[in-house]
Amino acid sequence: MAEVVTFGVQEIVKKVASLASEEISLVWGFQGELTKLRESLLLTEAMLRDAGQSKEVRPEAVQIWVNKLEDIAHEADDVLDECGYELLRRQVEVRNQMKKKVLNFLSLHYNPILFRLKMAHKIENINSALENLNNKAASIGLVNKKFSDATSSHGIAVDRETVSVFKQDEKYIVGREKIVSEIVTTLINSSKTQENENLPVMAIVGMAGLGKTTLAKSVYHQDEIGRRFTEKIWICVSIPFEVKSILSKILEHLKPEKARMQDKDAIIKNLQEDLKGRRYLLVLDDVWNEDSEKWNDLMSCLLSVKDTQGSNILVTTRSARVASISETLSRYDLQKLSDDQCWLILKDRSFPNESDPTLNEDQERIGRDIAKKCGGIPLVAKVLGSMMRFKEIDGWRVIQESTIWDLPQEEKRISSVLKLSFNELTSPTLKQCFAYCSMFTKDFEIEKDDLIQLWMAQGLLHPSPNNSDLEMEDVGNQYFNILLENSFFQDVRMDYYYGTIITTCKIHDLVHDLAEDVSKSKTKGSNEIRHVPQNSTIDLQEIPKGIVHKVRSMFLKCEVLDNILPRFKGLRVLKLQESDIDELTNSIGKLKHLRYLDISATKIKKLPQSIGKLYNLQTLRMHELELEEFPKELQNLINLRHIHFEDWHGDGRYPVGMGRLKNLRSLSFFIVGKERGRGIKELGGLKHLKGE
């Protein structure tokens, strides 16, 4: 039977039901309509549980019903958010009047009575649509199930173990020790006998999940490699294979300040200067290129650098054809692990705090049978071991007896194991958080704090009802740790100074495929576009007018036209990092719902005054941005929790009035100035500040 996907709509329904019960109804006089809205949503929430669990429903019809419910819930979220925005706008206006600093753009001519009538009419329409939808539920087999004791998505138990084990686990390699030693020896020997006109290349080949990247990392960090090569460079290539991009990343590794260089000839010229006289090891991870001309172009560029004799290249790829195009040394075809080696990984993941756990007869027997079913794939063993950690022996049996092992194709079995791990996430919120990771491209190094701020902007982080002291960021950090413990994240990097705080992570290609699949599955059977991810092929101008307001996130690296942006009035996230733009359109101020704005590493020199209208904005990221000045309207962003920028210009251009941003949680630095609004007393009212 086809699967009915409900985790996406469960989250938005729960969120809107919570909003409808807040004090907003008392302010605007919507109490009766909002009470009706909340009760209708609670009814549909009960039906959603039936949709996800019952075997008696008609899946195609139910999925259409679920998609319609999600549309209505998002519409309700927008209406309630607009009411909240208006309250914030009035709050800012009153504050500015009291300070006798009324800003021109806040002098809006609006009629509060008309606004209230307009919002009340929208809520009435939403209630009517919900009533019609609920009336159709019975005809497709849905019933109202009473609330169970299931864990609420907002009250999920998050008191898991610390993640220090994962730092150790990255170095824990099973069954590859001899291969690591052989590769190191081959690379060193080839560097001693290298001819001037040749650059030795070794390829590690193997199917997905075998641990090619982990093996290459182990080689990369060997002491003998560090002593032999004066420079080690790691580049994640993936798709597409672009020579200029690879050369640019090499240059960025050598000279970070040259990261944004665009011209290929200039990049090569700089490499000829900065790499000259160095013996380097270049690791090209996850290569898919089968075009020999592109590979020859890359080699020609690298060989143009003088005095690099003894340098080597190590390539990882799934394709034997890719290897044949690039390699000059004997390749390593990575083999599967033995059942005993998979059992070692399973035990290590299942009992992370015990070097030699004592198991009873059932645990040993079932565990070894599961290890055999892993098929020699380390990734499968890691994922299943993470699942087994929190289960009793009956839970181990469920994994052992799962029907996923009956699938004929190996790739499908691996994907099914990952999907099984995803299904184990009992919280719809956690599933939403994981699915959102598909917004990033494969091999992208994700900043943990950035990811948490994105989750927050989407309304996915809610303090636990059992612990009101937890802030949204704390909940996001715990969600991140749970996903990490379940092997959805890998390649974590730790804080440079303390070495105990995770700063970045990556996602395995197969796990990224899963994130894409579950993200797309939320809107299957509909033509919805709620998110525009990195490197998307979606043409913004061709999104139908009828659904353009439903888009919630856009990760763009192209110019944002002034006449297009206002159409996306439902946006919560706008990520323009590294976009080729030199101006932020003035229409940005029309995005009332915007929570997150990233304009890092662009050519923007000046922010429009209208940015001060983004009263809902929680995160403003401006890394690697050389602004001429900060507009005084920034101090109107009263919901801002995180502001990121570097000290480019000294105290003369530091933002004024930072003390008015009472919700700030992080602030990279503060420069004390003599002018009004730049004194040390600005920090006095920032009670929530946790910055550096």
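Tabulated values for the structure
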item: Label-point separation, His549 to Asp223 (7 Å along Cα→Cβ), nm; result: 6.6
item: Estimated inter-spin distance, Ser338 and Ile64, nm [label 7 Å along Cα→Cβ]; result: 5.7
item: Accessible-area order (highest first, 1.4 angstrom probe) of the listed residues Thr316, Thr193; result: Thr193, Thr316
item: Ordering of 342-352, 415-425, 232-242 by burial proxy (mean other Cβ atoms within 10 Å per residue, highest first); result: 342-352, 415-425, 232-242
item: Restraint check, Lys575/Lys662; Lys336/Lys372; Lys36/Lys136; Lys442/Lys557, Cα-Cα greater than 22 Å; result: Lys575/Lys662
item: Fraction of the pair-distance distribution of the range 176-333 above 19 Å, Cα-Cα pairs, percent; result: 51
item: Global geometry of the range 336-424, whether rounded, prolate or oblate, following the gyration tensor of its Cα atoms and the 1.5 cut on a/c; result: prolate
item: Alpha-carbon Rg/Rh ratio, for the range 547-613, with Rh computed the Kirkwood way; result: 0.92
item: Listed residues Glu177, Glu327 arranged by accessible area, highest first, probe 1.4 Å; result: Glu177, Glu327
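The values are calculated or read from the model by the stated rules, or taken from the named source; none is laboratory data. Remember, it's a predicted structure, so these values are computed and weren't measured experimentally. A quick note on method: Cβ atoms are made from the backbone with ideal geometry, for glycine too, and the neighbour counts reach across all protein chains shown. The area values use the complete protein model at the heavy-atom level, side chains included, leaving out ligands, DNA and RNA. Shrake-Rupley method; radii C 1.70, N 1.55, O 1.52, S 1.80 Å.
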